[in-house]
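The values are calculated or read from the model by the stated rules, or taken from the named source; none is laboratory data. Computed from a prediction, not measured in an experiment: that's the story for all the values here. Using ideal geometry, Cβ is built from the backbone for each residue, glycine included, and neighbour counts are taken over all protein chains shown.
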Amino acid sequence: MSLFLEFQKYYPKDWKIISDSMGYFCAADNVKGIDELVERFFSTPLTVRFLEGDIANSSFNEDDIDVNKLICPFLYALSCKSFNVFERLVTVTGNANLQTSFPGDTAILPLLYWAIVTENLSTAKFLLVAGANPNGKIVSGDGEFGLATQVEDEETIDLLLDYGLALTIEDLITMILKFNDFNDSQKKAILKSPGVLTDVRKADGVSALHLACQGERYEIVKWLVSQGAPVNLLDGNGNAPLAHATTSGNKKIIEFLLSHGADPSQSTLPLDIKPLIERLDIIEERLGVRFESIKATRSKRFKEDVFFDYLVEVNFDVIAVDGLLERAFKIVLSAYNEAGELIETESTFINNDHFLGIESIKLSLACKEAPARYRLYPANAI
């Protein structure tokens, strides 16, 4: 039986007037009125529990009560910014960890969540002092999430840290999905959570670095690696972060991983094309790739509001090795300037012909500046 039904059954004659009064006092931030209701109707261990149910009438100005508009007094007080009443209700019930939900909503949310998402630091601190769990969970149809995953306000995160915030790998993965980069407080929270950089998600063995590579979070990838996240850790399917980066096709992340010790042999790609980004002469030797010509000509091209000054045409053959040509083979060519920096490019296939066990490929590459060096790697896991 729900707390409302218990409340209704306990006060069969008075429940409507109590609900009306509760709603009115919550909306008006009337602590004195709440105290009078508590003393009269909610003063025993049995009845004080009713305050945690949907018993406040949010439509008290109407002629009759619509039970669909009844709401938990805690939530109604917060939604009306009646923080004095809210704090009194927490004190009276002694339950700073109450799990709440709005009528008609399946999400179950701790009280601290509401203080966090509204960036109400004084209310958040009051709840934490009263015993609210900084590691409480939000439960919804999308899964279970830690409170800290829903906010990037540094003061709020620092406050949660002061009261024992400790992130899990699930929390960190949720944050990677939500944010493109971490601020200083988020980084501090991650570093103060033991093992979270090397932990893996139970469902699939995926680490934070795997997911950051998959989600193309370049800044997060750089920071995770700088803090010791293992670049060659295999997930539950035997894939290293490099494989996830290759699948997403992010050149900068692939380059970064390889320059920080990522082992191409741990990729899911076939051995004959695992040197994803090597010098061309090494690729020719290991992959059975023969370059016919590479030339760059000055040619103005305009695409999506960006001028590309150099048009590179690449002609090369891929010799059939271990059934390589029987699989889908898509390649990406990267270009670099004299300083070794990746040049912004736009790639386009010209043609793709098979003849006598050889795949002849022509590729055009539009560059914003003069290229000095090129690198080749597959655009997809083969």
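Residues satisfying the criterion are absent from the stretch 245-255 (criterion: at pLDDT below 55 and loosely packed, with under 15 Cβ neighbours inside 10 Å). When the stretch 73-102 is filtered for residues that are closer than 14 Å to Gly53 by Cβ, of a type outside the set (Ser, Thr, Tyr), surrounded by fewer than 21 Cβ atoms within 10 Å (Cβ to Cβ) and touching a Cys at 6+ places or on another chain (Cβ under 9 Å), the ones remaining, listed by number, are Leu98, Phe102.
Residues of the stretch 195-221 that are more than 12 Å from the chain's Cα centre (by Cα), of a type in the set (D, E, K, R) and closer than 15 Å to Glu255 by Cα: Glu219 alone.
With respect to the conditions (1) modelled with pLDDT under 75; (2) outside any helix (DSSP H, G or I), Asn68 falls short on a single one, namely (2). Taking each residue of the stretch 93-116 that is more than 27 Å from Pro45 (Cβ to Cβ) and touching a residue at least 40 places away in the same chain (Cβ under 8 Å) and looking for partners that are of a type in the set (S, T, N, Q) and crowded, with 19+ Cβ neighbours inside 10 Å with beta-carbon atoms closer than 8 Å, six or more apart or interchain, yields Ile116/Thr156.
Out of Asp20, Asp35, one residue alone is within 28 Å of Ile116 (Cα to Cα) and among the charged types (D, E, K, R). It is Asp35.
Residue-wise test of (1) assigned to a loop (DSSP other than H, G, I, E, B); (2) within 26 Å of Lys137 (Cβ to Cβ); (3) among the basic types (Lys, Arg).
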{"site": "Lys9", "(1), (2), (3)": "no, no, yes"}
{"site": "Lys13", "(1), (2), (3)": "yes, no, yes"}
{"site": "Ser19", "(1), (2), (3)": "no, no, no"}
{"site": "Gly23", "(1), (2), (3)": "no, no, no"}
{"site": "Ala27", "(1), (2), (3)": "no, no, no"}
{"site": "Leu37", "(1), (2), (3)": "no, no, no"}
{"site": "Leu46", "(1), (2), (3)": "no, no, no"}
{"site": "Phe74", "(1), (2), (3)": "no, yes, no"}
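Only one of the listed residues (Leu242, Leu234, Leu257) is part of a loop (DSSP other than H, G, I, E, B) and not assigned by TED's automatic domain parsing to the domain that holds Glu344. That residue is Leu234.
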